[in-house]
Amino acid sequence: MAEEFKRIKRELVAKGHILDYYHDTMLIPNGHVAVWDFIQHNGAAAIVPVRSDGKILMVRQYRNALDRDTIEIPAGGLNPGEPTDAAALRELEEETGYRCERAEFLISIRTTAAYSNEKIDIYLARDLIPGHQHLDEDEYINVEAYSVEELKKMIYQGTLQDAKTVAAVMAYAVKYGK
């Protein structure tokens, strides 16, 4: 079906810190021309940090787009040329203060396929080693621990809505029978 659609032009509307916003002029199968929004994202990585007691470390932080705090798994954008597993481990330590020797791949998601190419690879971390948070100067994060059952309840109650976190918690629960 992709061969039925043809991009005629891509125009940069705005360049941001973590994404670029474009207008794509598209020739669609019925012969009409449409202008679609497109957001270019360089990708991200996230991690599900599981303590030895089975609880998952979550980060509580303010999110400007929602104008409220959210509860999420640790995550962040990729540095140029950085593999996603290395980025996930970096974000684990930066945001929670814990580190891990290796990350086990869990799932990949596309956050908003209707208008963005953002892809997040999500990993699992076990055998956590305590360390120190390394927050950016504009980050204020509290680390909290929850059982899988608590997180699932929060998902179904609508308290936990972050898409990468919902996907990660549910994938972890299914894969490991939680």
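Quick notes on this one:
- Antiparallel %, DSSP beta bridges [both residues in the chain], to 5: 85 percent
- The range 62-109-the range 112-178 distance, computed between alpha-carbon centres (Å): 9 Å
- Extension gain, LEU12 to LEU27: 0.36 nm times the residue separation minus the Cα-Cα distance gives 3.6 nm.
- The GluC sites (Glu not before Pro) of the range 76-147 that meet both conditions, a loop assignment by DSSP and at most 11 other Cβ atoms within 10 Å of the site Cβ, are GLU101, GLU137.
- Derived scalar couplings ³J(HN,Hα) [the range 131-140; Karplus, 6.51 cos²θ - 1.76 cosθ + 1.60; whole Hz; x for Gly, Pro]: x, 9, 5, 10, 7, 5, 5, 9, 9, 10
- Placing unit charges on each Cβ (+1 for Lys and Arg, -1 for Asp and Glu) gives the range 44-175 a dipole about its Cα centre, and among ALA163, ALA103, GLY76 the Cα reaching farthest toward its positive end belongs to ALA163.
- Distant-in-sequence amide H partners of ALA145 (H built 1.01 Å from N, under 5 Å): MET58
- Within a Gaussian network of the chain (alpha carbon springs, distance under 10 Å), most fluctuating of TYR123, TYR21, TYR98: TYR21
- Dipole magnitude of the range 2-41 about its Cα centre (Cβ charges: Lys, Arg +1; Asp, Glu -1), debye to nearest 20: 120 debye
- Per DSSP, loop chymotrypsin sites (Phe, Trp or Tyr not before Pro) in the range 127-171 with at most 16 further Cβ within 10 Å: TYR140
- Phi to ³J(HN,Hα) by Karplus 6.51 cos²θ - 1.76 cosθ + 1.60 over the range 42-53, Hz, x for Gly, Pro: 7, x, 8, 9, 9, 8, 9, x, 9, 6, 5, 7
- Within the range 3-86, the trypsin sites (Lys or Arg not before Pro) that combine a DSSP coil assignment with at most 15 other C-beta atoms in a 10 angstrom radius are ARG51.
- Integer Hz, Karplus 6.51/-1.76/1.60 couplings in order for the range 106-121, x for Gly and Pro: 10, 6, 10, 10, 10, 5, 8, 4, 5, 8, 9, 9, 4, 10, 10, 8
- Measuring nothing but how far apart in sequence close Cα pairs (under 8 Å, 6+ apart) lie, relative to its length, the range 44-175 scores a relative contact order of 32 percent.
- Each of GLY16, VAL33, PHE5 was scored by the projection of its Cα onto the charge dipole of the range 2-41, and the greatest displacement toward the positive side belongs to GLY16; charges sit on the C-beta of Lys, Arg, Asp and Glu.
- For the chain, built as a Gaussian network whose Cα springs stay under 10 Å, the top-fluctuating residue of PRO29, PRO49, PRO83: PRO29
- If R0 equals 41 Å, the separation of the Cβ atoms of LYS178 and GLN40 corresponds to a calculated FRET efficiency of about 0.70.
Only the coordinates and a few stated rules stand behind these numbers; no lab work does. As the structure is a computational prediction, the values presented were derived from the model and not from experiment. Cβ coordinates were reconstructed from backbone atoms using ideal geometry, including for glycine residues, and neighbour counts include every protein chain displayed.
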